[in-house]
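Notes follow once the structure below has been shown.
The values are calculated or read from the model by the stated rules, or taken from the named source; none is laboratory data. Note that the coordinates shown come from a computational prediction; the quantities given were computed from them, not determined experimentally. So basically every Cβ, Gly included, is an ideal-geometry build from the backbone, and we count neighbours across all protein chains shown. Surface areas here come from the heavy atoms of the whole protein model, side chains and all, with no ligands, DNA or RNA. Shrake-Rupley method; radii C 1.70, N 1.55, O 1.52, S 1.80 Å.
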Amino acid sequence: MSIPKQDGFFMPAEYAPHHGTILVWPERPGSWGNDPTPARKAFAEIITHLAKHEAVYVLVSATTKATAQQMLPHTVHLLEIHTDDAWARDIAPTFVIDSTGAVRGIDWAFNAWGGAVDGLYTDYQNDDAAASSICRALQIPCYDAHPFVLEGGAIHSDGEGTLLVTEACLLSKGRNPHMTKAQITQQLCRYLGAEKVIWLPHGIYQDETNEHIDNVCAFVAPAEVVLAWCDDESDPQYAMSTADLQVLEQSTDARGRTLKIHKLPVPKHSVCITEEDLQGYSFAEGEAVRVLGERLAASYVNFYFANDCLLVPQFGGENRASDAQACRILQEVAPDRQVIPIDAREILLGGGNIHCITQQIPKGVF
């Protein structure tokens, strides 16, 4: 089997032009409740915005296809591919391109963010099979990276040879415990066409993915990142973000450039599970459960670049001022994009946010 880097393929930046975006229509009761309608409305708002800018592909099951057809724009492409949950970022292929614009996918091993060690559910075979099924449906050639465990939310690329990851996630015991940090670095570079990996120590506090990079730090331009930030020294996130900042300040990218760092404050008020939230869930055996008062991993870094726009999570309530501040900062960072605020608390209740439910297909030939 050939390897993407050997074949001249690399992972482009998310802010590079897209062909489209992949999502999965939500239905799992342990993530979206017995009545997934509120979550579906949030997904539908995101999909409606995306459909104005690029192609959109939504995975559905036989039982959810009808509601997707009712709630989504007619231009959306529905793919009947059964999954265990709706985290397209982590179960859809990671797409790579070459200098001619050819597009290929990568099918990583998926084990529900930790497998037998600390995975969030025990039955994830459909999710693990989703990437190869998507590539077949779209007729995109696909590299099989099994048994290497990786999720799309665990990597960010600048498209110019540099990757961002977190040690908390990629060195977790439930991913690839037989591999050293150096070996994981080599594997990432071989499959994603990179030359350098910047390892941040931490993600967002209470992030049940073992602290994915896409919730804490993201490239917004070559040699330019946003970092989730916290000024409250009593908050656990303060020490985590401070440690990440120290690494970023001391790092250069694959081309030797120092990084411009924009601090993007986390919501001032923690977003927590309420009694009302708990009433709607039904958890399967072996599935991670929600508890009253649980702090969710709310972060504005979990935004999504689409063609000509930037979708930004909003949490509402006491965090309206924080929501507005995040949009102002991101508009300054991406002045050529339309910043679109999205009420995303219903997505956060599932365990992730806008970036977690989207996976970009780069513009190219396939």
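Brief remarks on what is shown
- Candidate set from the range 266-289 (those that are within 21 Å of the chain's Cα centre (by Cα) and open to solvent by less than 30 Å² (accessible area, probe 1.4 Å)); member that is farthest from Leu245 (Cα to Cα): Glu287
- For the range 227-241, the criterion of being crowded, with 18+ Cβ neighbours inside 10 Å, modelled with pLDDT of 95 or more and within 27 Å of Arg104 (Cβ to Cβ) is met by none of the residues.
Let's see how each residue does on (1) farther than 27 Å from Asp235 by Cβ; (2) surrounded by fewer than 22 Cβ atoms within 10 Å (Cβ to Cβ); (3) among the β-branched types (Val, Ile, Thr); (4) touching a residue at least 60 places away in the same chain (Cβ under 8 Å):
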| residue | (1), (2), (3), (4) |
| --- | --- |
| Gly153 | no, no, no, yes |
| Ser172 | no, yes, no, no |
| His202 | no, no, no, no |
| Glu208 | no, yes, no, yes |
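- Exactly one residue among Asp118, Asp158, Asp128 is in contact (Cβ under 8 Å) with a residue 60 or more places away in the chain and open to solvent by 10 Å² or more (accessible area, probe 1.4 Å), and that residue is Asp118.
- Selection from the range 341-361 of residues that are in a strand (DSSP E or B) and either open to solvent by 10 Å² or more (accessible area, probe 1.4 Å) or among the basic types (Lys, Arg) (or both): Pro341, Asp343, Gln360
Yes/no per residue for (1) within 16 Å of Phe366 (Cβ to Cβ); (2) within 19 Å of the chain's Cα centre (by Cα); (3) modelled with pLDDT under 95; (4) crowded, with 24+ Cβ neighbours inside 10 Å:
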position	(1), (2), (3), (4)
Ala55	yes, yes, no, no
His74	no, no, no, no
Ile81	no, no, no, no
Trp87	no, yes, no, yes
Ser99	yes, no, no, no
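- Some residue of the range 233-251 being under 19 Å from Phe315 (Cα atoms), in contact with an Asp or Glu (Cβ under 7 Å, 6 or more places away or on another chain), of a type outside the set (Gly, Ala, Ser) and not in a helix (DSSP H, G or I): no
For every residue, the table says whether it meets (1) at pLDDT below 95; (2) closer than 18 Å to Leu170 by Cα; (3) more than 18 Å from the chain's Cα centre (by Cα); (4) assigned to a helix (DSSP H, G or I).
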position	(1), (2), (3), (4)
Ala112	no, yes, no, no
Val117	no, yes, yes, yes
Arg136	no, no, yes, yes
Ile140	no, no, yes, no
His146	no, yes, yes, no
